[in-house]
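Okay, structure first, notes after.
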Amino acid sequence: MQSKLPVALAGARDTLPLAVGAMPFGVIFGTLAVAAGLPPIAAIAMSAIVFAGSAQFISLALIGGGAALPVIWLTTGIVNLRHALYSATLQPVARRWTLPWRLLTAFWLTDECFAVLERRRQTAGDADALPYYLGSALFFYLNWLSWTAVGTLLSQQMPGLAALGLDFAMIGTFAAMAAPQLTALTPVAVALTAGSVAWQAHSLPYKLGLVLAALAGVLVGVMRDYRKRRMATAAP
Amino acid sequence: MSDTLWATILGMFVVTFLVRASFLVFGQGLRFPPALVQALGHVPVAVLTAIIVPEAVAPAGQLDLSLTNPYLVGTVVAGAIAWKNGRTLTAVIASFAVFGLLRWLA
């Protein structure tokens, strides 16, 4: 086991840049959660138990908007569906690991740690992938928890943050997260569809309009991808 | 902390964990259809814009597309800066500043 420690440390080290990148989001999440009326312990519990940044942010908007529990859970599932893809990619590597390790790997699976592990697999292969991943994921997990806690403390130091317009902070953050992805016509069409359906359906109860709008946006994206594939195969 | 909040968090955990564990724990030898992979790529933009748009164009409930709507202007600023240089944090901070300024002027 002793020889595995340097590998785990290497995993943590390679995760550092991504952990730094996640820092502002952890702080903003903690701050917004408390401003949205969650007790600090709930914000930290969410980071510790759910451990899924974008779903956590979106859940705040939903909780604040009085969404029904099934809507929150469904949205969480939709937002996190991409993790099934990572799960599938890692499945051949993890086949030799025992069940407890695979469960832990699944619990800690994030965009960041998946990316770090995939990069290492390309250069170093699958040797010692487990200790490497565990080092990476444990570090990233503690990083996310710590910055969430810092955010809740910040928010408590400044009561009345919500009155200052922290409801905007959330959508400003979301806009900054979404905009860089609008690099082609298809994502723009997805955004326009989702945005207009969301506006048309915003008065539906339990934030159902959000689910409807997200599905409509994805559907338009799928249709455009399909047409592009058809045109590519039909071309002489 | 209320029971509803606990239920929210536990439900989110169950959903998230099942998705993450899907292939790793249960799906030996399952494959992911490429069309589904492509569809998943559209999810973040769709969900984020679905949340942003109603809040930005009608923060008080009625449509307000004027330049004095700090939510709309702030959202556009955040999106424009992030789109231009990809720096999320810069975009977020700049949009907060613009939002605060407009709120203060109003």
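Just so it is clear, none of the values below were taken in a lab; they were calculated from the coordinates. Please read these numbers as outputs of a predicted model, since none were measured by experiment. Virtual Cβ from ideal backbone geometry, glycine too; neighbours counted across all protein chains shown.
Remark on chain B: Rg and Dmax equal 19.6, 61 Å (Cα only). Hydrophobic, long helices, defined as DSSP H runs whose alpha-carbon span along the helix axis is 18 Å or greater and whose mean Kyte-Doolittle value is at least 1.0, occur in chain B at B:3-21, B:43-57, B:88-105. The label-point distance for B:VAL14 and A:LYS4, in a model that sets each label 7 Å from Cα toward Cβ, rounds to 3.2 nm. Seen from a random direction on average, the alpha-carbon convex hull of the protein assembly as shown projects onto 19.3 square nanometres. For the segment A:89-98, counting C-beta atoms of other chains within 10 Å of every residue's C-beta and taking the mean gives 3. When chain A is treated as a GNM with alpha-carbon contacts under 10 Å, the residue of A:LEU153, A:LEU204, A:LEU62 showing the greatest mean-square fluctuation is A:LEU204.
Shielding by partners for peptide A:32-45, expressed as the average number of C-beta atoms from other protein chains within 10 Å of each residue's C-beta, is 2. Look at where the Cα atoms of the stretch A:29-93 and of the stretch A:167-225 average out, and the two centres are 18 Å apart.
Note on A:LYS207, B:LYS84: ascending count of other Cβ atoms within 10 Å places them as B:LYS84, A:LYS207, the fewest first. Legend: mean number of C-beta atoms from other chains within 10 angstrom of residue C-beta atoms, peptide B:85-95, equals 5. Note on the stretch A:2-177: Cα-Cα pairs beyond 20 Å make up 55% of the total pair count.
The equivalent ellipsoid that matches the C-alpha gyration tensor of the stretch A:1-72 spans semi-axes of 32, 13, 11 angstrom, in descending order. Helical runs (DSSP H, four residues minimum) scored at -39500 (n - 2.57) apiece and divided by the length of chain B put the mean residue ellipticity at 222 nm at -23000 deg cm²/dmol. Sorting the segments B:96-106, A:114-124 by their residues' average number of neighbouring beta-carbon atoms within 10 angstrom, most packed first, yields A:114-124, B:96-106.
Only Cα pairs under 8 Å and 6+ residues apart enter the sum, and on that basis the relative contact order of chain A stands at 33 percent.
A Cβ-based charge dipole, computed about the Cα centre of the protein assembly as shown with Lys and Arg at +1 and Asp and Glu at -1, lands at about 980 debye.
Since only A:THR15, A:LEU117, A:LEU60 are under comparison, the one whose Cα sits farthest along the positive direction of the charge dipole of the protein assembly as shown, derived from C-beta charges on Lys, Arg, Asp and Glu, is A:LEU117. Taking every Cα-Cα distance in the stretch B:43-105 and sorting them into 10 Å bins from zero, the calculated P(r) comes out as 23, 50, 25, 1 percent.
Using the beta-carbon distance between A:ARG13 and B:THR68 and R0 = 56 Å, what value does 1/(1 + (r/R0)^6) give for FRET efficiency, to the nearest 0.05? The computed FRET efficiency comes out at 0.70.
The calculated Kirkwood hydrodynamic radius for the stretch A:83-236 is 19.6 Å, given to one decimal from all distinct C-alpha pairs. Look at the dipole of chain B built from charges on Cβ: of B:ASN69, B:ALA97, B:ALA80, the Cα furthest out on the positive end belongs to B:ALA80. Fewest-first ordering of A:LEU182, B:LEU63 by other beta carbons within 10 Å of each residue's beta carbon gives B:LEU63, A:LEU182. Whole-percent P(r), the stretch A:56-141, all Cα pairs, 5 Å bins from 0: 3, 13, 22, 20, 14, 11, 9, 5, 3, 1. Of the three principal axes defined by the Cα atoms of the stretch A:182-236, the extents in descending order read 50, 18, 12 Å.
Computed per residue of chain A from DSSP H runs no shorter than four, each worth -39500 (n - 2.57), the mean residue ellipticity at 222 nm is -26000 deg cm²/dmol. Arranged from fewest to most other beta-carbon atoms within 10 Å of their beta carbon, A:ASP225, B:ASP64 become B:ASP64, A:ASP225. Once the Cβ-Cβ distance of A:THR123 and B:ARG87 is raised to the sixth power relative to R0 = 25 Å, the FRET efficiency obtained is 0.30.
Span-like helix check, chain A: qualifying full DSSP H segments, with Cα axial length of 24 Å or more and mean Kyte-Doolittle of -1.0 or more, are A:5-35, A:129-157, A:208-234.
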